[in-house]
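What follows is a short report on a single structure.
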Amino acid sequence: MIKRTTVLSLAVLMVLAACASSGSGKTEETGASERTGLSLQEAIEQSAEKIAADLPAGSRVVIVTFESPNDNLSDYIMEELSGALVDSKIEVADRKNLEYVYRELNFQMSGDVSDESAQSIGKFLGAQMVIVGQLTDVGGSYRFRTSAILVEKATRASIPRFDVRNDRAMQNMVTAFGGQQNRVKTTAYGTGADVTPQSAGTFLDRGIMFAGRGEYAKAIADFTQAITIDPKLGAAYLLRGRALYAGGSTGVIVQGNFSTIIVDSTGGNATAEQAGVFDQAIMDYTAAIRLDPNNAVMYKERGTAYIEKGDNDLAIADLTQALKLNPNYPNAYNNRGNAYSNKGDYDQAIADYTQTIRIAPGFAVAYYNRGNGYFNKGDYDRAIADYTQTIHIAPDFADAYYNRGNAYFNKGDYDRAIADYEAELRLNPNHTYAKTNLQDARRQRGY
């Protein structure tokens, strides 16, 4: 078996070294009870052996969560379990991508993972099995349990439970990990730019890493390779479409490990080159929908790409379907509002932005968009209120100052308009219209 090395904190190394002499399992503090049960490492290794025995070599698993007395200990256990599975020729999905996947699927990060949720996570990451676990203090010992959900059947495989000795070494480990101020996530078994992928899943992992860095050409190449190996890997189509969409846009902001991208909208006025890229992205989203027709994210992404092409009716149809599948999807409401706004249906757009705000009260863009809707209807007071809330949430939201300045200008409140145009220009000194409107407002004030 390949020997693995795990990097521990200095504090943990010190407490483990202090306990190295207690080989018999008996100490003054805990007495004979230490002689029963396994060490934590033995429980990890035996669980890995059982999991590996239930899967063909080369299978891919996802370790979703492991509950324990503290987060650092949980991360340590998941890393050790990953290493033991890799030693047994089992591929482990990169844990760095898990928070991203949870956001994609609109799940909460917690130890309580339903079989249905686990199946969705595994399917998204191209895994055959999803693993969750717990290390529970039951008094004189710890109970080590893992549950393995088979993705294809959404059934649980039988994994033994182990009693782990609550000896001095274990007590010191729990204390040392719990005393660390910052959560330490070790990911020695994750992907990296210098690691050559060997499977569809590892190409997917690396593609997510490249996309999160904004290296879209590399990400697209990796997602393409993942699709070549496994044409049924829906996540690879979704993410390649998103990388194409980001690569064909300007002013791209990537959030949450490529779970969300914000771009400067073309307003339906894409160049021929951009439209071609968006068409490719739409083809990928369509392929992803065929593979997973109940995934709201797929429809939201395709609907957004349709907006950029100026196909607002198709966008509305897709975003409406996304909301049927997930009625509490703020991005889908916001983007559908944009499509209605592009069509000049400001009342419906405002209704959708209002729903976005109801679900996500901190969504600054939704207030800004609703402010634009009110502005277009000539309701400057409500527009100003929404732009003000946008600025309260996001003080650096430059265009909110500019648009609020325009609303004040139209109301004849030139002093406030001047203040807002000046604020816009501090954040965006090259805003030509802000410069022109500032001069007009100053002329109205006689200087």
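Annotation: Phe409 fulfils all but one of (1) assigned by TED's automatic domain parsing to the domain that holds Gln444; (2) buried (at least 24 other Cβ atoms within 10 Å of the Cβ); the unmet one is (2).
Quick check: anything in segment 297-314 of a type in the set (Phe, Trp, Tyr), touching a residue at least 60 places away in the same chain (Cβ under 8 Å) and over 19 Å from Ile220 (Cα atoms)? Within segment 297-314, not a single residue is of a type in the set (Phe, Trp, Tyr), touching a residue at least 60 places away in the same chain (Cβ under 8 Å) and over 19 Å from Ile220 (Cα atoms). Residues being under 27 Å from Arg290 (Cβ atoms) and among the basic types (Lys, Arg) are represented in segment 318-334 by at least one member. Is it the case, given these coordinates, that Tyr387 is modelled with pLDDT of 95 or more, in contact with a helix residue (DSSP H, G or I) (Cβ under 7 Å, 6 or more places away or on another chain) and surrounded by fewer than 24 Cβ atoms within 10 Å (Cβ to Cβ)? No, not satisfied. Of the residues making up segment 66-81, just one is in contact with a strand residue (DSSP E or B) (Cβ under 6 Å, 6 or more places away or on another chain) and surrounded by fewer than 20 Cβ atoms within 10 Å (Cβ to Cβ), namely Glu67. Is at least one residue of segment 410-430 at pLDDT 95 or above and within 30 Å of Ile316 (Cβ to Cβ)? Yes - at least one qualifying residue is present in segment 410-430. Scan segment 82-97 for residues that are within 28 Å of Arg213 (Cα to Cα) and either surrounded by 19 or more Cβ atoms within 10 Å (Cβ to Cβ) or not assigned by TED's automatic domain parsing to the domain that holds Val130 (or both) and jot them down. The answer is Ser82, Gly83, Ile90, Glu91, Val92, Ala93, Asp94, Arg95, Asn97. Does segment 37-45 include one or more residues that are at pLDDT below 90, of a type outside the set (Ser, Thr, Tyr) and in contact with a strand residue (DSSP E or B) (Cβ under 6 Å, 6 or more places away or on another chain)? Yes, that holds for at least one residue.
Only one entry of Thr191, Thr196 meets the criterion of being among the hydroxyl-bearing types (Ser, Thr, Tyr) and modelled with pLDDT under 70, and that entry is Thr191. For Asp386, the stated conditions hold: it is without any contact (Cβ under 8 Å) to a residue 24 or more places away in the chain, assigned to a helix (DSSP H, G or I), among the acidic types (Asp, Glu) and over 30 Å from Gln280 (Cβ atoms). Screening segment 267-281 for residues that are of a type in the set (A, V, I, L, M) and either farther than 23 Å from Val101 by Cβ or surrounded by fewer than 21 Cβ atoms within 10 Å (Cβ to Cβ) (or both) and picking the one that is modelled with the highest pLDDT gives Val277. Of the residues making up segment 56-83, those that are part of a helix (DSSP H, G or I) and hydroxyl-bearing (Ser, Thr, Tyr) number 3. Would it be correct to say that Thr320 is buried (at least 24 other Cβ atoms within 10 Å of the Cβ), farther than 19 Å from Ile393 by Cα and not charged (D, E, K, R)? For Thr320, the condition - buried (at least 24 other Cβ atoms within 10 Å of the Cβ), farther than 19 Å from Ile393 by Cα and not charged (D, E, K, R) - is not met.
The values are calculated or read from the model by the stated rules, or taken from the named source; none is laboratory data. As the structure is a computational prediction, the values presented were derived from the model and not from experiment. When we count neighbours, we look across all protein chains shown, and the Cβ atoms used for this are built from the backbone with ideal geometry, even at glycine.
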